1. If you stretched the chain out fully between S266 and S90, how much longer would it get, using 0.36 nm times the residue separation minus the C-alpha to C-alpha distance?
2. What does the charge count around V154 come to, taking other residues whose C-beta lies under 14 Å from its C-beta (Lys +1, Arg +1, Asp -1, Glu -1)?
3. I need the peptides 212-220, 261-269, 324-332, 121-129 ranked by packing, meaning the mean over residues of other C-beta atoms within 10 angstrom, with the highest value on top.
4. Using amide H atoms built in the peptide plane, which far-off residues or other-chain residues are under 5 Å from T128 H to H?
5. Provide the gained length on full extension for the span R350 to V127, in nm with one decimal, where the gain is 0.36 nm per separating residue minus the Cα-Cα distance.
6. Per residue, what volume in Å³ does the Cα convex hull of the stretch 271-361 take up?
7. Which of rounded, prolate, oblate describes the stretch 204-244, given a ≥ b ≥ c as roots of the alpha-carbon gyration tensor eigenvalues and a/c under 1.5 marking rounded, otherwise prolate only if a/b is larger than b/c?
Amino acid sequence: MSNPMEGVGSTIRHRTRRIKGCRCHGGKLCGFARADKSRACVASLSDSLQKFSSLTVSGQRASYNLFDSDIVLLILLAYKLKWPCRMPYSQPSLLRDALRFMEKSDPCVVAGGTDVYPAMKSGRQPVTYLDVTRIQGFSDISRTHAGTRFGAAVTWSDVVKADLPPAFCALKQAAREVGSLQIQNAGTIAGNICNASPAADGVPALLALNADVEIASASRGARAISLGSFIKGVRKTALERDELVTAVIVPKTPAGMTSGFEKLGSRRYLVISTAMTAANVLLDNRGRIEDVRIAVGACSAVAQRLTALEANLVGGDPSRIAITREHLGTLAPIDDVRGTAAYRLHAVERQIRRAIARAIEA
Ligand SMILES: Cc1cc2nc3c(=O)[nH]c(=O)nc-3n(C[C@H](O)[C@H](O)[C@H](O)COP(=O)(O)OP(=O)(O)OC[C@H]3O[C@@H](n4cnc5c(N)ncnc54)[C@H](O)[C@@H]3O)c2cc1C
């Protein structure tokens, strides 16, 4: 054997696919590792190499004792040969740079990654990633004369901790229901709406707040559209290929408006909603409903406001809410493992009353 290192790169690639400890192949472990991924892979590779000091070279078996310098060399070789764990990852700090990147490549946009990574199919990786969490201003919650601005990288935990008026109680309650604390620490408002799941817990509360979505692209600048127009269907949004969501903006809410959120799932936490309802309520000085907004999720392809019911409730007594079939007529729940359509409608009726009561108690 003249050179025991000859052909080593492809041998490593071949071997690591079969090494049990390295689950990176297939993308499963790597899902949440994000920036730590390459480190995890390197650790896994060097572990594997320590175990496999016998390498196959040019079809022959050869015994070779690996030293640290060899391991470094082998890792570099593996990277050069595009070992399957390579993950091109861009993390700009300026919006301008992020938008230019969007224009010239077709990256997978990632914020907390709590929807992106679990949805990844084995062996099918995007060409490149654009992480928006370091962009200046993206993690800020700010209050202006026009309303409240949630930067696109604001997490659910940021929402829970923020000092917001009672009209945002439903949004905070929804934030506490998103997955677990770990998911709330990583998952963002923008990710929730861009993922456009019918069961996205943030959407009904934001609809009841009349939220707008701020969008930007390098060539066309910024635009804002209502959340109702932004989510177009299951996993469909109004975003163009080169656009990023930059913020979610809630216009000024009337003084004295309060809100409540109700979620139904098959267990208390870490559960996909069977149905959820958010209600924002403003009472007049006689205790009658002056303004009410009711939004329901997981009961149609896109969460929606129940405008007919809202109109009927104005002027009424909040403790005597009459809900008819017609009021729920725009909902189109499905039968699935979480519940039947009839059960969902029944649950929503109860949720509306509870969400209104919760809002008034707030
Ligand atoms: C274990 C677990 C439990 C969960 N439980 C719940 C739950 O109870 N309720 C619930 O609603 N959700 C739940 N989720 C889903 C997820 O956590 C939320 O939807 C979260 O808000 C997504 O935010 P993210 O930042 O992680 O999004 P990401 O995964 O980073 O992105 C989601 C989508 O949005 C796009 N995107 C993100 N930011 C931008 C941007 N600025 N511009 C353009 N596109 C963008 C991405 O390209 C992707 O398509 C759960 C997820 C997991 C893994």
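Quick note: the coordinates plus some simple rules give every number you see, no bench work behind them. Remember, it's a predicted structure, so these values are computed and weren't measured experimentally. Ideal geometry is used to build each Cβ from the backbone, glycine not excepted, and the neighbour counts take in all protein chains shown.
1. On the way: separation 176, 0.36 × 176 = 63.36 nm, distance 3.84 nm.
Going from the current span to full extension adds 59.5 nm.
2. On the way: positive: R134, R143, R149, K161, K172; negative: D140, D158, D163, E214.
With Lys, Arg at +1 and Asp, Glu at -1, the net is +1.
3. Values: 212-220: 18.9, 261-269: 17.2, 324-332: 14.0, 121-129: 11.9.
Result, highest mean first: 212-220, 261-269, 324-332, 121-129.
4. Here the answer is C108, since their amide H atoms fall under 5 Å of that of T128.
5. Values: separation 223, 0.36 × 223 = 80.28 nm, distance 4.66 nm.
Gain on extension, R350 to V127, equals 75.6 nm.
6. Numbers: hull volume 7.6 nm³, N = 91.
So the per-residue hull volume is 84 Å³.
7. Here the stretch 204-244 falls in the oblate category.
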